[in-house]
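The values are calculated or read from the model by the stated rules, or taken from the named source; none is laboratory data. Predicted model, so just to flag it, every value in this text is computed and none were measured. Cβ sites come from the backbone with ideal geometry, for glycine too, and all protein chains shown count toward neighbours.
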Amino acid sequence: MTNQAIADGLRHASDTRVIEVGRAILSRTGEILARSLAQPGRPLLIVADERTWVAAGEAVAASLQAAGLTQTEPLVFPGTPTLYAAYEHCETIRERLMETNALGVAVGAGTLNDLVKLASGELDQPYAVVGTAASMDGYSGFGAPMSQGGVKITMPCPAPAVVLFDLDVAAAAPKAMVASGYGDLAAKIPAGADWILSDAIGLDPIDPLAWDLVQGGVAEALSRPDALAAGDADAYEGLVEGLLLSGLAMQVYKGTRPASGAEHYFSHLWELDHLGADLDPPLSHGYKVAIGTLAMTAFYERFMARDLAAIDVDAVVAAWPTWDAVEADIRSKLTGPLAEKGVRETREKYVDAAGLRTRVQTLVDGWPSLRPRLVDQLMPARDLQRMLAAAGTPTRPEDIGLTLAELKDTFPKAMYYRSRYTVLDVTREIGWFDELVDEVFAPGGLWT
């Protein structure tokens, strides 16, 4: 089923042509790249760091040589301190690619993939990645988060042409990395629920293929957290493929809606606050997303405990604040450039009273069929918390250096952070938002 899903995704993907996942893939790297990446007269440049060179780089180089492929001197960054996705490193890679007329082969995880992805994209040429850890869903995704001038932004660039993943290498990676990937994949549960709600009011229609690529295998991929933590290579197949399918779905959809919802905004906001950036290695994206995912799953539980069909639409419309009042609230929650971003993003999804009436009435009328879909998509927060813990993923705010108060304060910021419509917007529009946030943190809650 998953192999068929990957084949379906590749047929419709914008950039990626080949994905190979399995055991003993490293020894086949040369033959695979010979037919899928290599070009006459152009050498291949392996880009790694000292750790990933030992984990897979040497084996990749040997396989390329055995296949008769020309290589230029590998570019190997120091293993310590941890390599950052800083634009200056991308420039180093780009210059080497230009000097040698080479095509890049990234050997590593998120940072190395993003650096080679952006360098190759700026040269308008394809590249391959040999993944070394099931740590995030960006391997097969487009765009590269990059730090430049002290600011982290996602820079546009195509996804890799070829993605290779050796399950034995993934199983041997540091356990924190697979725990991070598990957290990133778990986010697809509340993200899918957010997409269902946005689709219901006609904002973001669900693309059937993109939906199936992400959601079709999530439950199975998350089903063996203990085996993943124990390093069982066979258990990694579902996780790796689930992460790669998320990237393919983003290519198919030409956006990140299939793979992320409000839970990711928690992580983005904490990244802007440099949460855990001073650690070595820095606090991972997946760790932060895991806490955001639990926060949103707990919020969904409180939302689903109420009957949306019973709300008084007239009363909701009468209580709807003006845009000036909403903007004032945004500026009370966010400051500086982030406040300006919040105003721009929220203005896009704000509607007047007439628009609100249409939106809320649509949800009320559709609730009898909508609610069962959400129930099927979601899972109990405590069950998900246990699964995340079994995988070694953080499950409490303090695990990533946050207090309960700081987590609670992130809810309204996440609501205003992006124009993408989520359950946070639904509850703001019907007047439940503040009450539901309070319920999440009331005695007897997930963390209280």
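Only one residue in Leu103, Leu118, Leu75, Leu69 is over 20 Å from the mean Cα position of the chain (by Cα), within 18 Å of Asp15 (Cβ to Cβ) and not acidic (Asp, Glu), so which one is that? Break it down stepwise before answering.
Values: Leu118 fails: over 20 Å from the mean Cα position of the chain (by Cα); Leu75 fails: within 18 Å of Asp15 (Cβ to Cβ); Leu69 fails: within 18 Å of Asp15 (Cβ to Cβ).
Step by step, each of Leu103, Leu118, Leu75, Leu69 is checked, and only Leu103 is over 20 Å from the mean Cα position of the chain (by Cα), within 18 Å of Asp15 (Cβ to Cβ) and not acidic (Asp, Glu).
Of the residues making up the range 391-410, those that are closer than 29 Å to Ala235 by Cβ, part of a helix (DSSP H, G or I) and of a type in the set (D, E, K, R) number 2.
Screening Arg257 on (1) in contact (Cβ under 8 Å) with a residue 24 or more places away in the chain; (2) surrounded by fewer than 20 Cβ atoms within 10 Å (Cβ to Cβ); (3) not β-branched (Val, Ile, Thr); (4) not in a helix (DSSP H, G or I) shows it passes everything except condition (2).
Only one of the numbered conditions (1) buried (at least 20 other Cβ atoms within 10 Å of the Cβ); (2) closer than 30 Å to Ala219 by Cβ; (3) at pLDDT below 95 is not met by Thr2, and that is (1).
Of the residues making up the range 1-51, those that are of a type in the set (A, V, I, L, M, F, W, C), more than 15 Å from Val107 (Cβ to Cβ) and outside any strand (DSSP E or B) are Met1, Ala5, Ile6, Ala7, Leu10, Ala13, Ala24, Ala34, Ala38.
Val240 meets all of the listed conditions (1) in contact with a helix residue (DSSP H, G or I) (Cβ under 8 Å, 6 or more places away or on another chain); (2) outside the structural domain of Asp184 (by TED's automatic domain parsing); (3) farther than 21 Å from Gln385 by Cα but one, namely (3). In summary, Leu69 fulfils each of the numbered conditions (1) farther than 28 Å from Asp280 by Cβ; (2) in a helix (DSSP H, G or I) with the single exception of condition (2).
Quick check on Ala85: is it buried (at least 16 other Cβ atoms within 10 Å of the Cβ), at negative phi and modelled with pLDDT of 95 or more?
Values: buried (at least 16 other Cβ atoms within 10 Å of the Cβ): yes; at negative phi: yes; modelled with pLDDT of 95 or more: no.
When the stated conditions are applied, Ala85 does not pass them.
Among the residues examined, Lys175 does not qualify as surrounded by fewer than 22 Cβ atoms within 10 Å (Cβ to Cβ), within 30 Å of Arg428 (Cα to Cα) and out of contact with any Cys (no Cβ under 6 Å at 6 or more places or on another chain). Residues satisfying the criterion are present in the range 89-97 (criterion: surrounded by 24 or more Cβ atoms within 10 Å (Cβ to Cβ), closer than 25 Å to Gly181 by Cα and not acidic (Asp, Glu)).
Only one entry in Met146, Met136 is part of a strand (DSSP E or B), modelled with pLDDT under 95, of a type in the set (A, V, I, L, M, F, W, C) and within 19 Å of the chain's Cα centre (by Cα), namely Met146.
Tallying residues that are in a helix (DSSP H, G or I), aliphatic (A, V, I, L, M) and without any contact (Cβ under 8 Å) to a residue 12 or more places away in the chain within the range 203-225 yields 1. Taken as a whole, the structure places Tyr127 among residues that are crowded, with 22+ Cβ neighbours inside 10 Å and touching a residue at least 12 places away in the same chain (Cβ under 8 Å). Whenever a residue of the range 92-121 is over 20 Å from Thr132 (Cβ atoms), its partners that are charged (D, E, K, R) and assigned to a helix (DSSP H, G or I), lying with C-beta atoms within less than 7 angstrom and at least six residues away or across chains, give the pairs Arg94/Glu122.
Annotation note: Cβ proximity below 7 Å between a residue of the range 353-373 that is closer than 18 Å to Asp204 by Cα and a residue that is of a type outside the set (A, V, I, L, M, F, W, C) and surrounded by 16 or more Cβ atoms within 10 Å (Cβ to Cβ) (sequence gap 6+ or interchain) occurs for Leu356/Glu429; Arg359/Glu429; Val360/Glu429.
In contact (Cβ under 8 Å) with a residue 60 or more places away in the chain and either buried (at least 17 other Cβ atoms within 10 Å of the Cβ) or part of a helix (DSSP H, G or I) (or both), is that true of Ala59?
Criteria not met by Ala59.
Within the range 329-354, can you find the residues that are under 31 Å from the mean Cα position of the chain (by Cα) and small (Gly, Ala, Ser)?
Within the range 329-354, the first condition is being under 31 Å from the mean Cα position of the chain (by Cα), and the residues that meet it are 329-351.
Correct list: Ser332, Gly336, Ala339, Gly342.
Among residues of the range 76-89 that are in contact (Cβ under 8 Å) with a residue 40 or more places away in the chain, those with a Cβ under 8 angstrom from a residue that is of a type in the set (Gly, Ala, Ser), sequence gap 6+ or separate chain, pair up as Tyr84/Ser147; Ala85/Gly110; Ala85/Ala144; Ala85/Ser147; Ala86/Ser147; Tyr87/Ser147. Filter the range 374-394 for residues that are charged (D, E, K, R) and touching a residue at least 24 places away in the same chain (Cβ under 8 Å) and give the result. Residue satisfying the conditions is Arg382 alone. Taken together, the residues in the range 125-159 that are hydroxyl-bearing (Ser, Thr, Tyr) and more than 19 Å from Leu185 (Cα to Cα) amount to 3.
With respect to (1) surrounded by fewer than 24 Cβ atoms within 10 Å (Cβ to Cβ); (2) acidic (Asp, Glu); (3) more than 18 Å from Gln385 (Cα to Cα), the lone exception for Asp226 is condition (3).
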